[in-house]
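Some notes on the structure that comes next.
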Amino acid sequence: MKTLLSLVSFLALGVASTFAATYSFTQAGGNIPDYWSGGTPSLTVNFTVSGLSDNVTKVTLSLNDFAGNAMSNCRVDLKAGSGPSLSLCDGVGPSNPNGTFVFDDSASTSIIAAVPSGGTYQPQTSLSGFSGLTPSQANVTWTIWAIAWNADTSNHFASATLEITTVPEPAPTALLGLAGVFGFTLLRRRRDR
């Protein structure tokens, strides 16, 4: 019975450690400046990401309370540390946008086909480029970089929310331990018969 209790405890610990964890970071937004005006070249929003202990499996980004003349007059990129920038939208999106726009690879509609109201959309470039980042690659400053084309300075968002999901990989020693406990339990049951 003691062995069975140990097995159940070990299984519960192993199952609990495989659950995904989602980390959320929110920062203030602002006006998206006209890239050609010679003034502020871009709006940058920085997220200081820390506390991730497992590899990244999913990233979503929300531009909260986005409004203006046309999202299609904007380019919005996301970058993790010194890694590559991924374009959420560049010259695509709705006219007269209004609401929160969530960029999520699992959305059913692309931002290219977005309607003026907010919603959840696939980004122009898949955010899966961030999947597999290790904790040392993900616990860095993430940056939104946004500019406006066509002298359009009306576009803005109140804040942005970055969500990062991680899932631990099962440890080989835990799997070997599970096999050992299971084998020991079977061997003991046979001997007790």
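The values are calculated or read from the model by the stated rules, or taken from the named source; none is laboratory data. This structure is a prediction, so every number in the text was calculated from the model and none was measured. Here Cβ is always computed from backbone atoms with ideal geometry, including for glycine, and neighbour counts include all displayed protein chains.
Points worth noting:
- Subset of segment 51-97 (residues that are farther than 28 Å from Gly132 by Cβ and among the hydrophobic types (A, V, I, L, M, F, W, C)): Phe66, Ala67, Ala70, Met71, Cys74
- Once segment 81-106 is narrowed to residues that are touching a helix residue (DSSP H, G or I) at 6+ places or on another chain (Cβ under 6 Å) and within 19 Å of Asn46 (Cα to Cα), the residue that is modelled with the highest pLDDT is Leu86.
- Test result for Phe25, surrounded by 15 or more Cβ atoms within 10 Å (Cβ to Cβ) and at pLDDT below 65: no
- Residue match in segment 28-44 (condition: farther than 12 Å from Ile147 by Cβ, hydroxyl-bearing (Ser, Thr, Tyr) and in contact with a Ser or Thr (Cβ under 6 Å, 6 or more places away or on another chain)): no
- Within segment 28-59, restricting attention to residues that are over 14 Å from the mean Cα position of the chain (by Cα) and among the aromatic types (Phe, Trp, Tyr), the residue that is modelled with the lowest pLDDT is Trp36.
- Residue among Gly99, Gly93 that is of a type outside the set (D, E, K, R), part of a strand (DSSP E or B) and farther than 20 Å from Trp142 by Cβ: Gly99
- Residues of segment 79-106 that are β-branched (Val, Ile, Thr) and touching a residue at least 40 places away in the same chain (Cβ under 8 Å): Val102 alone.
- Restricting attention to segment 1-21 and to residues that are exposed (fewer than 12 other Cβ atoms within 10 Å of the Cβ) and either modelled with pLDDT of 95 or more or among the small types (Gly, Ala, Ser) (or both), the residue that is farthest from the chain's Cα centre (by Cα) turns out to be Ser9.
- Hey, Gly119 surrounded by fewer than 20 Cβ atoms within 10 Å (Cβ to Cβ), within 12 Å of the chain's Cα centre (by Cα), in contact (Cβ under 8 Å) with a residue 12 or more places away in the chain and not in a loop (DSSP other than H, G, I, E, B) or not: no
Here is a yes/no grid of residues against (1) in a loop (DSSP other than H, G, I, E, B); (2) at pLDDT below 90:
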residue	(1), (2)
Val76	no, no
Ser108	yes, no
Val115	yes, yes
Ser136	no, no
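- Meets criteria (modelled with pLDDT under 90 and either in a loop (DSSP other than H, G, I, E, B) or buried (at least 17 other Cβ atoms within 10 Å of the Cβ) (or both)) for Ser72: yes
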